[in-house]
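Input: a single structure, listed below in structure tokens.
Derivation of every value follows stated rules applied to the coordinates shown; laboratory data play no part. Owing to the predicted nature of the structure, the values given are computational and were not obtained by experimental measurement. Cβ: placed from backbone, ideal geometry, glycine included. Neighbour counts: every protein chain shown.
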Amino acid sequence: MANATPSLDEAIIIVGAGVFGLSTAFALQQRGYTNITVLDRDLPPVRDGSSTDISRIVRSDYVDPFYSRLATEAIETWKSSSVFKPHYYPSGFMLASEAVADPYLEKNKETLRGQNQKYREFNDLAALKANIPGESLRDVKYGYMNLNAGWADAAGATRALAIRLSELGVSFITGPRGTLRSLIVDGKTKKISGVNVVQGPPIHASKVIMATGAWTTRYLDDLDYHIIGSAQPVGFIQLTAEEGKRLANMPVAINVTSGVFVFPPYPGNNMLKVAYHGHGFEVKASLESGESRQSPFSAPKRDSNNAASTFLPEDADQYLRSGLRQLIPSLADRPWVKGRLCWYTETPTGDFIADYHHSVNGLFIATGGSGHGFKFLPVLGKYIADCFEGKADPEVKKKWKLPSPSIGGKAIMVNDGSRRGPPRRTLGEEEQLKARL
Ligand SMILES: Cc1cc2nc3c(=O)[nH]c(=O)nc-3n(C[C@H](O)[C@H](O)[C@H](O)COP(=O)(O)OP(=O)(O)OC[C@H]3O[C@@H](n4cnc5c(N)ncnc54)[C@H](O)[C@@H]3O)c2cc1C
Ligand SMILES: *[C@@H]1O[C@H](CO)[C@@H](O)[C@H](O)[C@H]1NC(C)=O
Ligand SMILES: *[C@@H]1O[C@H](CO)[C@@H](O)[C@H](O)[C@H]1NC(C)=O
């Protein structure tokens, strides 16, 4: 499908104010586009979006050298940019394993070596203890530490970028007026001319960028073959000030054998976040007003707050709990003050999507974070904008291409070996009610 090169004064709507939408808006604004409007269901940081809450890992440890390079570039910006730096914590990232030669760890190290990135190996507990204070992470056997890594305050960074964009002249419309109901596409020319929203008249534009994360298949059922939403469990524990102090200098730590990871306590409130990079849960989503999907799908709700519930499915709760018990035994029995199901937008390979739609002219898709998109916030938009302008590097273009729908089938999670824990399952009716999804 031929999409004309966008012109700087044409009206561009970006639907979604998460990492993908905001980062793209930033890059386009920097390139001189003058009529950018970002729509969202809520003000960024969107309370039930995937780009919020207290933390996200920022690491260049990847099996795929492409993402490792991109992450290294992002980390440089996290460390230097006035917008992002206040929200970056260079704690280091520790990857621990129960197996001497865990294939995922070995491949990560190979990638790092290939790019002359440094890491510190440890093969015994004493060496590890020299790196990590206190009694944390007691049972670690093998692994390594990457010191050029850490975590970002997700809500803080997203908010800061949205504010910056607003200062730069990017428009934001949020709430029902900013909530897309459907795309306006000419039946004959297949050209997009704007979006219908939940409240008020349509909003017009000649380019629409869908950065709607896990919601995307709600509006584009013809992408089912390549995207699926999965809800991922996260638990929060309130530490005392004394515990917070004791763990303050710990790195972000992942047990790659279980996939469970823990962040350092959040400065200020000593909240500890525990999660695992797993296969997640699907839901049976239902249609909302003005929607017309046919087949069953898994996505968050459009018109209500998907973060209203603090419910965690029993198996997820137990998995997090036992992972925490192994990592930080002294906190094993502390209750969650809050649970959260956070959405991944999965693609079959874990690669992002930054490509024009195969049949609607002017419609561009920017999503597919697959559980690892946040760290790229400072640089992602540049590469997406290159795809949007049709001048991306062949490698980027190929990686983030939307494959032809003729491949058919349903998105299945194939990944780089980083996912652990129980297989993906669909929440039961009662669980879904409790999760309010
Ligand atoms: C539990 C969890 C842990 C993670 N950990 C990490 C990590 O450690 N490191 C890392 O790099 N990444 C991590 N990620 C991944 C990262 O957070 C995501 O890849 C990234 O936030 C996705 O951004 P997005 O813009 O695609 O989605 P979102 O932030 O969800 O943005 C989509 C937006 O679209 C809006 N929207 C939807 N429908 C409509 C509509 N009809 N009208 C208007 N707006 C609409 C939504 O309100 C939402 O704000 C994690 C994700 C989760 C869930
Ligand atoms: C932006 O585009 C919209 C829709 O085409 C148009 O109504 C508006 O006047 C444009 N704004 C500017 C500043 O060009
Ligand atoms: C890592 O996970 C494995 C598998 O669940 C477990 O046996 C081990 O005790 C864990 N180690 C740490 C340090 O968490």
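Against the conditions (1) under 22 Å from the mean Cα position of the chain (by Cα); (2) within 25 Å of Arg246 (Cβ to Cβ), Leu377 satisfies every one except (2). The set of residues in the range 342-365 being of a type in the set (A, V, I, L, M, F, W, C) and more than 8 Å from ligand 1 (Cβ to nearest atom) consists of Phe352, Ile353, Ala354, Val360, Leu363, Phe364, Ile365. The residue list Thr52, Thr77 contains one member that is in contact with a helix residue (DSSP H, G or I) (Cβ under 6 Å, 6 or more places away or on another chain), in contact (Cβ under 8 Å) with a residue 60 or more places away in the chain and within 30 Å of Asn270 (Cβ to Cβ), which is Thr52.
Report, by residue number, each residue of the range 1-27 that is of a type in the set (A, V, I, L, M, F, W, C) and not in a helix (DSSP H, G or I). Reasoning before the result, please.
At the first step, the residues of the range 1-27 found to be of a type in the set (A, V, I, L, M, F, W, C) are 1-2, 4, 8, 11-15, 17, 19-20, 22, 25-27.
Answer for the range 1-27, where residues must be of a type in the set (A, V, I, L, M, F, W, C) and not in a helix (DSSP H, G or I): Met1, Ala2, Ala4, Leu8, Ala11, Ile12, Ile13, Ile14, Val15, Ala17.
Of the residues making up the range 261-274, those that are free of Cβ contacts under 8 Å to residues at least 60 places away in the same chain and part of a strand (DSSP E or B) are Leu272, Val274.
Mind listing whichever residues of the range 144-181 are over 28 Å from Val195 (Cα atoms) and of a type in the set (Asp, Glu)? Within the range 144-181, just Asp153 meets the criteria. Checking each residue in the range 1-42 for being on the phi > 0 side of the Ramachandran plot and within 15 Å of ligand 2 (Cβ to nearest atom) picks out only Gly32. The condition (being among the polar types (S, T, N, Q), away from ligand 3 (no atom under 16 Å from the Cβ), out of contact with any Phe, Trp or Tyr (no Cβ under 6 Å at 6 or more places or on another chain) and over 30 Å from Phe172 (Cα atoms)) is satisfied by just one residue among Ser60, Ser80: Ser60.
Determine which member of the set Ala99, Ala71 is surrounded by fewer than 20 Cβ atoms within 10 Å (Cβ to Cβ) and among the small types (Gly, Ala, Ser). Break it down stepwise before answering.
On the way: Ala71 fails: surrounded by fewer than 20 Cβ atoms within 10 Å (Cβ to Cβ).
Every option except Ala99 fails the conditions.
On inspection, Thr37 qualifies as away from ligand 3 (no atom under 16 Å from the Cβ), in a strand (DSSP E or B) and over 19 Å from Lys375 (Cα atoms).
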